[in-house]
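Student: Quick one: this structure, given as structure tokens, is what I'll be asking you about.
The values are calculated or read from the model by the stated rules, or taken from the named source; none is laboratory data. Computed from a predicted model, the values in this text were never measured in an experiment. As a convention, Cβ positions derive from the backbone with ideal geometry for all residues, glycine included, and neighbour counts pool all protein chains shown.
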Amino acid sequence: MEWWKDVKAIESIRDFALLQALTPFKFPTQLFQHARTIQTHINLLVDAVSQDYQFLSDTLKSVVANDDFTRRLMEIHKKVTSDNKQTCTFSIQRSDYMIDKKPGVGPTLKQIEMNTIAASCFALTQDKMENLFSFVRSRFQPSSENSSIPPNKCLDILTEGIAIAWKEYASDKSCVLFAIDEGETNIYDSRPIEFLLWTKYKIPVIYRSLLELSKQGRLGPQRELLVSGQEVAVVYFRTGYSPEQYPTDKEWDARLLCEMSRASNCPSVGYQLAGTKKVQQALTVPGILEKFCDDSDAVASIRTTFAGIYSLENNAEGDWAIERALKNPADFVVKPQREGGGNNFYDDDVRIFLEGIRHTSEREAYILMDRVHPPVQPGLVLWLGKNIVTPVDLTCELGILGVFLRKQSEVMMNVEGGYILRSKSATTNEVGLNAGFGALDLPTLVS
Ligand code: ADP
Ligand code: MG
């Protein structure tokens with residue numbers, strides 16, 4: 001019998017997802033290194049974009065007119081941008097990539113999106129995944145070939161970033177606030193950060209939802225953020241990226257309160273806006289990347305990872321994009337300005353959706369992207385709940401951690417901080433872990 005048909009003992013390893021990969025995904029070394037090398041340039045790029053109010057406002061104008069969520073973020077950004085008291089600009093972000101494999105040419109790396117708010121899975125990946133894979137290999141596959149899993153200190157580096165941001169606030173009595181969902185379930189990805197902040201740096205963490213913050217938070221005389229009387233040095237948002245997380249004005253008030261305060265917001269609203277799909281599309285327009293990045297090698301290197309992304313604005317260019325997508329819907333993905341998975345359109349839904357909105361202004365809130373066709377590999381996956389392991393044809397998505405900290409014009413930290421890898425069944429469109437489509441995985445580098 002195959003060894004994996006008898007694996008029952010590792011059911012308890014994950015509590016948040018439906019799937020867990022048990023064997024590493026073969027990932028081309030060169031593409032992996034490419035993604036890592038450009039991350040510090042991407043950190044600088046996002047920082048420059050977030051500081052350019054006019055660019056954000058112009059780029060998002062048509063979205064703001066058609067999407068209330070982006071409009072409200074923009075309103076906060078506008079209010080605070082000329083009177084920003086945050087101690088540092090602080091970002092923990094993740095650039096996601098897929099491998100594109102077109103017939104007849106070698107694999108290329110394509111950026112899927114930049115996550116500038118609540119980028120997750122780092123605490124779930126570091127050490128835990130290596131330990132699991134090494135257990136599976138030595139226990140069940142002792143004769144399998146050695147894997148080459150790149151070292152990964154993403155949890156340590158992310159936590160170090162928070163610690164430095166906390167230190168810059170220069171108050172021993174202050175704490176770090178994790179802003180979370182009401183009834184947060186993904187605690188396994190934040191508790192290790194809290195533990196490390198305390199054990200390594202003696203920095204206390206408090207948790208609040210946006211609703212709790214609206215009741216318990218206020219600004220002190222120097223715009224200190226005080227939550228139930230405790231002073232907050234850093235707000236780390238693990239919520240706030242989706243309209244459902246702001247059911248009433250109270251949650252928006254809480255977001256504004258944090259943004260107005262002296263605490264470093266991770267991320268600021270400007271950073272969140274810089275991570276929208278519309279901005280991602282604008283950055284692919286010739287000449288725009290150069291505007292924000294004066295290193296021509298970095299520009300060229302980042303640009304090779306861009307897939308075609310098209311505006312759906314009400315003009316000739318938007319009409320042209322719609323015509324193309326209607327002819328070949330399977331070659332495109334339609335995306336709104338949303339995060340968290342499950343919001344995009346694929347295959348025939350592209351056609352149905354675009355036909356529905358092509359004569360309305362609503363289309364301006366979306367972008368169209370070339371569909372990436374990733375290579376498929378077999379892997380072993382544990383189905384949690386069902387407690388069975390099965391071989392599945394998988395595709396993968398790489399996420400590179402970027403940590404960036406700037407105090408006025410001084411960059412205090414700009415690092416590529418490690419990675420996560422998620423895989424999904426080749427027959428599903430999206431890789432959302434919480435949504436149940438994806439599995440945490442690890443890469444093994446191959447030439
Ligand atoms: P979200 O902010 O909701 O995570 P993404 O842009 O990351 O939005 O899209 C969600 C998922 O959809 C991705 O993780 C990926 O699996 C899939 N996806 C997104 N863009 C493409 C694309 N251009 N080609 C193929 N799959 C894509
Ligand atoms: Mg995503």
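Residues are listed down the side, and each one gets a yes or a no for (1) touching a strand residue (DSSP E or B) at 6+ places or on another chain (Cβ under 7 Å); (2) modelled with pLDDT under 95; (3) of a type outside the set (Lys, Arg):
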{"site": "ALA307", "(1), (2), (3)": "yes, no, yes"}
{"site": "SER311", "(1), (2), (3)": "yes, no, yes"}
{"site": "GLY318", "(1), (2), (3)": "yes, no, yes"}
{"site": "ILE322", "(1), (2), (3)": "no, no, yes"}
{"site": "LEU326", "(1), (2), (3)": "no, no, yes"}
{"site": "VAL333", "(1), (2), (3)": "yes, no, yes"}
{"site": "GLY340", "(1), (2), (3)": "no, yes, yes"}
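Student: Filter the range 397-427 for residues that are hydrophobic (A, V, I, L, M, F, W, C), out of contact with any Gly (no Cβ under 9 Å at 6 or more places or on another chain) and either assigned to a strand (DSSP E or B) or within 16 Å of ligand 2 (Cβ to nearest atom) (or both) and give the result. Don't jump to the end; show me each part of the working.
Tutor: Here is the first cut: in the range 397-427, the ones hydrophobic (A, V, I, L, M, F, W, C) are 398, 400-401, 403-405, 411-413, 415, 420-421, 426.
Retained after the next criterion (residues that are out of contact with any Gly (no Cβ under 9 Å at 6 or more places or on another chain)): 398, 411-412, 426.
LEU398, VAL411, MET412, listed by residue number.
Student: Also: Being under 25 Å from the mean Cα position of the chain (by Cα), more than 16 Å from ligand 1 (Cβ to nearest atom) and closer than 27 Å to ILE420 by Cα narrows it down to one of LEU368, LEU398, LEU384, LEU380, so name that one. I'd like the intermediate steps shown before the answer.
Tutor: Values: LEU368 fails: more than 16 Å from ligand 1 (Cβ to nearest atom); LEU398 fails: more than 16 Å from ligand 1 (Cβ to nearest atom); LEU380 fails: under 25 Å from the mean Cα position of the chain (by Cα).
Exactly one residue qualifies, and that residue is LEU384.
Student: I'd like to know if the range 334-353 contains one or more residues that are at positive phi and surrounded by 15 or more Cβ atoms within 10 Å (Cβ to Cβ). Can you show your working first?
Tutor: So the first thing to find is which residues in the range 334-353 are at positive phi, and the list is 340-342, 347.
Then drop every residue that is not surrounded by 15 or more Cβ atoms within 10 Å (Cβ to Cβ), which leaves 340-341.
Yes, that holds for at least one residue.
Student: Looking only at the range 315-332, which residues are touching a helix residue (DSSP H, G or I) at 6+ places or on another chain (Cβ under 7 Å), of a type outside the set (Gly, Ala, Ser) and either over 23 Å from PRO374 (Cα atoms) or within 14 Å of ligand 1 (Cβ to nearest atom) (or both)?
Tutor: Once the filter is applied, which keeps residues that are touching a helix residue (DSSP H, G or I) at 6+ places or on another chain (Cβ under 7 Å), of a type outside the set (Gly, Ala, Ser) and either over 23 Å from PRO374 (Cα atoms) or within 14 Å of ligand 1 (Cβ to nearest atom) (or both), the range 315-332 yields ILE322, PRO329, PHE332.
Student: Does at least one position in the range 352-363 carry a residue that is under 20 Å from VAL431 (Cβ atoms), β-branched (Val, Ile, Thr) and modelled with pLDDT of 95 or more? Step through it out loud before you land on a result.
Tutor: Of the residues in the range 352-363, the ones under 20 Å from VAL431 (Cβ atoms) are none.
Within the range 352-363, not a single residue is under 20 Å from VAL431 (Cβ atoms), β-branched (Val, Ile, Thr) and modelled with pLDDT of 95 or more.
Per-residue answers, yes or no, for (1) in a helix (DSSP H, G or I); (2) away from ligand 1 (no atom under 12 Å from the Cβ):
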| site | (1), (2) |
| --- | --- |
| ASP83 | no, yes |
| SER91 | no, yes |
| ARG94 | no, no |
| TYR97 | no, no |
| LYS102 | no, yes |
| MET129 | yes, yes |
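Student: State whether one or more residues within the range 238-257 are buried (at least 21 other Cβ atoms within 10 Å of the Cβ), under 18 Å from GLN86 (Cα atoms) and in contact with a Leu (Cβ under 6 Å, 6 or more places away or on another chain).
Tutor: Yes, that holds for at least one residue.
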